[in-house]
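Each value in this text was obtained by applying a stated rule to the coordinates, not by laboratory testing. For clarity, every value in this text was computed on a predicted model and none was experimentally measured. For neighbour counting, all protein chains shown are included, and Cβ atoms are generated from backbone atoms with ideal geometry for every residue, glycine included.
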Amino acid sequence: MQTTFNQEDFYQTPQETPYYNIGFQTDTQDGFIEILTPGLDKEDIKVSVSDNYLTVKGSYKTNPKEYTEQNIELYDFSRKFRLQNQNIKSVKLKNGILRINLKEIKPEVVRIEID
């Protein structure tokens, strides 16, 4: 099985980035990415694709002045993944985990007639 992602294809911002899993569905060989996004609603997360890079950004709306003591640090984040022959099939947010399902693009063979 060919690996969809290479470690050098990951880019991190200076801020903390969320934990993630990358895997394959055994029945279809389509890929998926799961990103830990506790406390975020779908309105707080932006997912985009440009030039074969999937970008996921999250923004927390907490105000540090609301707390007398704060031990839970929540960072806005941005993470990029390089897509290799995949399109986004679906994106779902459930129980603090953002799941991005990827569909493999199979190269189309075009037969060219010779004149």
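Per-structure values
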read-out	value
Residues located in segment 25-46, provided they are hydrophobic (A, V, I, L, M, F, W, C) and either buried (at least 16 other Cβ atoms within 10 Å of the Cβ) or over 16 Å from the mean Cα position of the chain (by Cα) (or both)	32, 33, 35, 40, 45
Test for residue 68: is it surrounded by fewer than 10 Cβ atoms within 10 Å (Cβ to Cβ) and polar (S, T, N, Q)	yes
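Per-residue answers, yes or no, for (1) closer than 15 Å to residue 42 by Cα; (2) of a type outside the set (Lys, Arg):
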site	(1), (2)
74	no, yes
79	no, no
85	no, yes
90	yes, yes
95	yes, yes
104	no, yes
108	no, yes
111	no, no
